[in-house]
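Undergrad: For reference, the structure I am asking about is given below.
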Ligand code: CP
C-alpha cells in the first residue's frame, strides 16, 4: 500500500491485514521496551493544518515506537501563516528527507491532491481532510470493535471481520469525516450500521451510503445494538443553527443519563459506548456514559497508537497482504 488516503478504498483483505498488524503492534506496547526497529532510518513528518490532540500525539508515539525519526509541523507558527503554499511547504519537507507525510488539512481531498501532485515521493497518510475522511480513526474504531466482539464470542480477533455486528452512530453526521470513513470500513468488514441524527445534520446523498438512517435515537437504541458511537457536535464548522438549543439536542439525540441507563439495563456486558473525541460532555454524551464500564473511549485512544503503527508500517514498507512474521 503506497498511501492511506481513504477507508473507502480499503479491500476486506487489506483492512483485515491492517487490523492484524495492529494486534502485533498492540503486543509491542505491552512490553517493557515499547519499541521495534521496523522504520529505523525513515523520517515521518506530521503535517497538521488543523488542531488535533489524539491523532497528532498518537502518530508521533506510533512513529517513535517504530524507531522512525519524527518531525512535527503545525501550520500555526510556521511560514504557512506568511502565505507559503502547500506545494512549497511539502517540497521543503521533501528536501529535508520526509519518507512519510501524515497530513491533516481543512480541505476535503487535500491528502489525495498531495499524493497525486508529484511534489513529493513520500508516502501520504490522511489524518483527516475536511469533512471527507479520517481513515486511521475508522481503523482504530474497527480494531476496538473487533476486540470487543472477539472477547464477547471467546475467539481470537486475528483474521476476523465484523460480520453481524450492529453499530449505531449518532450525532453530527453532516460535518463528520469520522462517520464517512466508519460507514465504508464497517460495511467492508460486514457490520450493519445505522446513522441517527436530526434531519438538519444528515447530508444530502446519504441514501448512497451503505447504511440505514433513522431520526429517532430511542427507536435505534431499543433495537439493542452492540456498539453505540456518539459523534461530536462540530460547532466550529457550523455557520447556522442546525437545532433549536443545546438542551433540545441533548434531550433528543444525546446519550444522557436516562437514555444510557435504559440502554444498558439487563445487558451491561453486551453493549459498548464509543466516541472519537474530543467530547462535548453534557451535549452529545453524559459523563455517566463516557466514564461508565461500557465506555471504550480511552481504549480507542490507546488502540490509535497500535493502528497508526500498523498504518505507517504498511505504507512505508508497502505491505499489501499479510503482516510480516517478524513483527509478532
Ligand atoms: N478523533 C480525533 O481526530 O481527535 P483529534 O482531533 O484530537 O485528533
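Undergrad: Does residue 63 qualify as being under 30 Å from residue 230 (Cα atoms), in contact with a helix residue (DSSP H, G or I) (Cβ under 9 Å, 6 or more places away or on another chain) and at pLDDT below 95?
TA: On the way: under 30 Å from residue 230 (Cα atoms): yes; in contact with a helix residue (DSSP H, G or I) (Cβ under 9 Å, 6 or more places away or on another chain): yes; at pLDDT below 95: no.
For residue 63, the condition - under 30 Å from residue 230 (Cα atoms), in contact with a helix residue (DSSP H, G or I) (Cβ under 9 Å, 6 or more places away or on another chain) and at pLDDT below 95 - is not met.
Undergrad: Going by the conditions given, is residue 54 within 14 Å of the ligand (Cβ to nearest atom), over 13 Å from residue 102 (Cα atoms) and either at pLDDT 95 or above or touching a strand residue (DSSP E or B) at 6+ places or on another chain (Cβ under 6 Å) (or both)?
TA: Details: within 14 Å of the ligand (Cβ to nearest atom): yes; over 13 Å from residue 102 (Cα atoms): yes; either at pLDDT 95 or above or touching a strand residue (DSSP E or B) at 6+ places or on another chain (Cβ under 6 Å) (or both): yes.
Criteria met by residue 54.
Undergrad: Are any residues in region 259-278 within 16 Å of the ligand (Cβ to nearest atom) and surrounded by 13 or more Cβ atoms within 10 Å (Cβ to Cβ), and if so, which ones? Spell out how you get there, then give the answer.
TA: Our first condition is that a residue be within 16 Å of the ligand (Cβ to nearest atom); within region 259-278, this holds for 273-278.
Hits for region 259-278 are 273, 274, 275, 276, 277.
Undergrad: Within region 109-122, can one find any residue that is touching a strand residue (DSSP E or B) at 6+ places or on another chain (Cβ under 6 Å) and at pLDDT below 95?
TA: Taking every residue of region 109-122 in turn, none turns out to be touching a strand residue (DSSP E or B) at 6+ places or on another chain (Cβ under 6 Å) and at pLDDT below 95.
Undergrad: A further question on this structure: Show me the helices (runs of 4 or more DSSP H) entirely contained within region 60-171 in which 2 or more residues are under 27 Å from residue 20 (Cβ atoms) and within 14 Å of the ligand (Cβ to nearest atom).
TA: Details: elements: 86-96, 110-117, 135-153.
Passing ranges, in order: 135-153.
Undergrad: Going through region 10-49 one residue at a time, which ones are surrounded by 17 or more Cβ atoms within 10 Å (Cβ to Cβ) and part of a loop (DSSP other than H, G, I, E, B)?
TA: Of the residues in region 10-49, the ones surrounded by 17 or more Cβ atoms within 10 Å (Cβ to Cβ) are 10, 14-26, 28, 36, 38-39, 42-49.
Those that are surrounded by 17 or more Cβ atoms within 10 Å (Cβ to Cβ) and part of a loop (DSSP other than H, G, I, E, B): 10, 36, 38, 39, 42, 49.
Undergrad: A further question follows. Can you name the condition, by its number, that residue 203 falls short on among (1) under 16 Å from the mean Cα position of the chain (by Cα); (2) more than 16 Å from the ligand (Cβ to nearest atom); (3) under 26 Å from residue 110 (Cα atoms)?
TA: The single condition residue 203 does not satisfy is (1).
The values are calculated or read from the model by the stated rules, or taken from the named source; none is laboratory data. Worth saying up front: this structure is predicted, and the values here are computed from it rather than measured. Note that we place each Cβ from the backbone using ideal geometry, even for glycine, and neighbour counts take in every protein chain shown.
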